[in-house]
1. With no solvent and one point on each alpha carbon, what is the Debye value of log10 I(q)/I(0) for region 88-183 at q = 0.12, 0.21 Å⁻¹?
2. Report, to the nearest whole %, how much of the accessible area of region 59-166 belongs to carbon and sulfur atoms, 1.4 Å probe, protein only.
3. Less than 9 Å Cβ to Cβ from Leu86, Lys/Arg counted +1 and Asp/Glu -1: what total charge do the surrounding residues give?
4. Modelling each spin label as a point 7 Å along the Cα-to-Cβ direction, I'd like the Gln119/Glu56 distance in nm, to one decimal.
5. Label-point separation (nm) for Gln128 and Phe66, each offset 7 Å from Cα along Cα-to-Cβ?
6. Please give the net charge around Ile140, taking every other residue with its beta carbon less than 14 angstrom from that of Ile140, where Lys and Arg add +1 and Asp and Glu add -1.
7. Set the Förster distance to 22 Å, then compute FRET efficiency between Ser31 and His92 from the Cβ-Cβ distance, nearest 0.05.
Amino acid sequence: MPRTLAIASIMLSAALPLLAQSPQAERKPLSPPAKAEASIDGRRITISYSAPSIRERKIMGGLVPFDQVWRTGANAATTLTTQADLRIGDLHVPRGTYTLYTLPRANGWTLIVNRQTGQWGTQYDASQDLGRVEMKVRQIPTPLETFEIAIVPGGNKKGVLKLTWETTEASVPVAIDSNAQPQ
């Protein structure tokens, strides 16, 4: 009996370090957190999102279904925070924090700016929409493995918001609203 107890004790002490290691802590998330940040006319614009990868899946018209609101990334809702009033396309967006959704279609995309924040990405409430704006869509020659959002400053208080994944790039002009006051 004492020998069995000694063997069990040795096995337990060898296993404890393995049990203490969390498999979740060692694994990288499949859709890691990402940020797109830019300064336009001295005002910071930040978009926080989770960046999924293709991982041998069909994306446009598959994982990202056409004609359905998409969370524009993965996991928690994608958020836009702006220090200034913006004009995204023809939509006036007061400074603050918003959720971005998109409506991908086979022949075009719509960007949705929503007032609700802090929710999981799939919890879309259309009654909270600030507004919608059409995006320009083009096909890119080389597939992009990981979804990417970028804010590209363009000078003269303007820039471009780009969403790129697989072989699709959707974009819309962004500008500091002409009536915006510095914070």
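The values are calculated or read from the model by the stated rules, or taken from the named source; none is laboratory data. As the structure is a prediction and not an experimental result, all values here were calculated from the model. Cβ sites come from the backbone with ideal geometry, for glycine too, and all protein chains shown count toward neighbours. Please note that ligands, DNA and RNA were not included when accessible areas were found on the heavy atoms of the full protein model with its side chains. Shrake-Rupley method; radii C 1.70, N 1.55, O 1.52, S 1.80 Å.
1. Calculated log10 I(q)/I(0) at the listed q: -0.43, -1.20.
2. 48
3. Result for the local shell: +1.
4. 3.5
5. 2.9
6. -1
7. So, using R0 = 22 Å, E works out to roughly 0.10.
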